Ligand SMILES: [Mg+2]
């Protein structure tokens, strides 16, 4: 997988997966009526962070980290699904927390 | 049942189990299918009250618009009469396409899909207006019942055998492309009967699919070939309703950066005709309302 932003920007259509975002922190929780969201599977934590920032309407972008089944997501969703033998027919539950580590690849979705 | 990995060939249900399921769902939806049959009979039967039309030398009623030209032409342009036009005979080919993908099983939509399938196929076969085909789709499209075969209870049970809700993709694009081919073939086979052929596809699915733009183009192509597609979204509500679902898209902005766009999922849904059904009880009325609208539009378009 390349981290070149021009390559990452290519796949605008294509595979999607249904996700349900959750958090344990009330100050960054989503509006109550937020339903499941279909997201492109090429997204990584940066792209996912921008969705959360959009939903909570934060003034300054907050970097988030994402956990699936208790494990930090360090790849794209697509790579996660493949590595764990999960099809994109499933609904993924993504827990998010404020990131403690500054993002390494800001440009990489 | 034994849990099988995705990679292993998908298990289908046994013939005995399929027969049991079919009779279960057929009984459960019996009254509803009588009601749907009645409503469809009113819609699908050719219009009996026909219009007076045409320009003839003899007929039943004078065409007022022709009188002045008639006099002005020294009584030469004498096609001033209208006749009652005979209703054209119509026959139908109706394809039910049922989503066999895994999301159907996971969201609990499978049961509702079986109910819908039993209800609609039974009603259509009681109507005896034409031919019925049933296909399953997911990563692949599989014909579970062909147009030229009679739809009996035995056939219904065999259709159920084909479904397991285990396919690991929901390729609606492939479904539409292959359906257009199936409809073309069926049209060719049935040509020469003299009846006007109407083709209709009812898609039964949880509605979660990707590449909406490509699908929209294919649906338009079908429309140009006079194939009507109605998408019935089975909304089992386990977890959350499709009405509350949204979609995140990333577009490239002029500077080369990514621009996030969030929209309500159904706002970008590629089918012009779709219904959301959360309870099979509502299906007869919603489906017949949609079909009535379609027929009205087609009749209007054909003059
Ligand atoms: Mg699916």
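The values are calculated or read from the model by the stated rules, or taken from the named source; none is laboratory data. On a predicted model such as this, the values are computed, not experimentally measured, just so you know. Note that each Cβ is placed from the backbone with ideal geometry, even for glycine, and that neighbours are counted across all protein chains shown.
Between B:205, B:240, the distinction of being under 30 Å from residue B:166 (Cα atoms) and without any contact (Cβ under 8 Å) to a residue 12 or more places away in the chain belongs to B:240 only.
Yes or no: residue B:231 more than 14 Å from chain A (Cβ to nearest Cβ), within 16 Å of the ligand (Cβ to nearest atom) and either under 25 Å from residue B:297 (Cα atoms) or part of a helix (DSSP H, G or I) (or both)? Please lay out each step first, then the result.
Working: more than 14 Å from chain A (Cβ to nearest Cβ): yes; within 16 Å of the ligand (Cβ to nearest atom): yes; either under 25 Å from residue B:297 (Cα atoms) or part of a helix (DSSP H, G or I) (or both): yes.
Yes.
Taken over the stretch B:221-237, the residue count meeting the criterion of being touching a helix residue (DSSP H, G or I) at 6+ places or on another chain (Cβ under 9 Å) and over 20 Å from residue B:288 (Cα atoms) is 4.
Restricting attention to helices (runs of 4 or more DSSP H) lying wholly within the stretch B:58-129, give those where 3 or more residues are surrounded by 19 or more Cβ atoms within 10 Å (Cβ to Cβ) and within 14 Å of chain A (Cβ to nearest Cβ). Please lay out each step first, then the result.
Numbers: elements: B:67-72, B:102-106, B:109-127.
In the stretch B:58-129, the matching helices (runs of 4 or more DSSP H) lie at B:102-106.
Residues that are in contact with a strand residue (DSSP E or B) (Cβ under 6 Å, 6 or more places away or on another chain), within 14 Å of chain A (Cβ to nearest Cβ) and within 16 Å of the ligand (Cβ to nearest atom) do occur in the stretch B:207-214, at least one of them. So for the stretch B:251-274 (the condition being buried (at least 17 other Cβ atoms within 10 Å of the Cβ), free of Cβ contacts under 8 Å to residues at least 12 places away in the same chain and either within 14 Å of another protein chain (Cβ to nearest Cβ) or touching a helix residue (DSSP H, G or I) at 6+ places or on another chain (Cβ under 8 Å) (or both)), does at least one residue qualify? For the stretch B:251-274, residues buried (at least 17 other Cβ atoms within 10 Å of the Cβ), free of Cβ contacts under 8 Å to residues at least 12 places away in the same chain and either within 14 Å of another protein chain (Cβ to nearest Cβ) or touching a helix residue (DSSP H, G or I) at 6+ places or on another chain (Cβ under 8 Å) (or both): present. If you go through the stretch B:185-202 and keep only what is touching a strand residue (DSSP E or B) at 6+ places or on another chain (Cβ under 9 Å) and either within 16 Å of the ligand (Cβ to nearest atom) or in contact (Cβ under 8 Å) with a residue 12 or more places away in the chain (or both), you end up with B:186, B:187, B:190, B:193, B:195, B:196, B:197, B:198, B:199, B:200, B:201, B:202.
Among the conditions (1) touching a residue at least 12 places away in the same chain (Cβ under 8 Å); (2) more than 16 Å from the ligand (Cβ to nearest atom), residue B:135 misses just one, which is (2). With the requirement that a residue be touching a strand residue (DSSP E or B) at 6+ places or on another chain (Cβ under 8 Å) and either within 16 Å of the ligand (Cβ to nearest atom) or closer than 29 Å to residue B:244 by Cα (or both), what does the stretch B:167-184 give you? Hits for the stretch B:167-184 are B:167, B:168, B:169, B:170, B:171, B:172, B:174, B:175, B:176. Reported count of residues in the stretch A:16-33, each being touching a helix residue (DSSP H, G or I) at 6+ places or on another chain (Cβ under 7 Å) and either facing another protein chain (nearest Cβ under 7 Å) or modelled with pLDDT under 90 (or both), is 1.
Here is a list: A:13, A:2. Which entry is within 14 Å of another protein chain (Cβ to nearest Cβ), modelled with pLDDT under 95 and either assigned to a loop (DSSP other than H, G, I, E, B) or under 29 Å from residue B:167 (Cβ atoms) (or both)? Outline the logic, then answer.
Numbers: A:2 fails: within 14 Å of another protein chain (Cβ to nearest Cβ).
A:13 is the lone residue from the list that is within 14 Å of another protein chain (Cβ to nearest Cβ), modelled with pLDDT under 95 and either assigned to a loop (DSSP other than H, G, I, E, B) or under 29 Å from residue B:167 (Cβ atoms) (or both).
Entry remark, the stretch A:45-86: residues being within 9 Å of chain B (Cβ to nearest Cβ), buried (at least 19 other Cβ atoms within 10 Å of the Cβ) and assigned to a loop (DSSP other than H, G, I, E, B) number 0 in total. Please indicate, with yes or no, whether at least one residue in the stretch B:148-156 is assigned to a helix (DSSP H, G or I), closer than 12 Å to residue B:132 by Cα and more than 16 Å from the ligand (Cβ to nearest atom). Yes: one or more hits.
Within the stretch B:140-163, residues that are within 11 Å of residue B:21 (Cα to Cα) reach partners that are in a loop (DSSP other than H, G, I, E, B) with beta carbons closer than 6 Å, at six or more positions or on different chains, in the pairs B:161/B:12; B:161/B:13.
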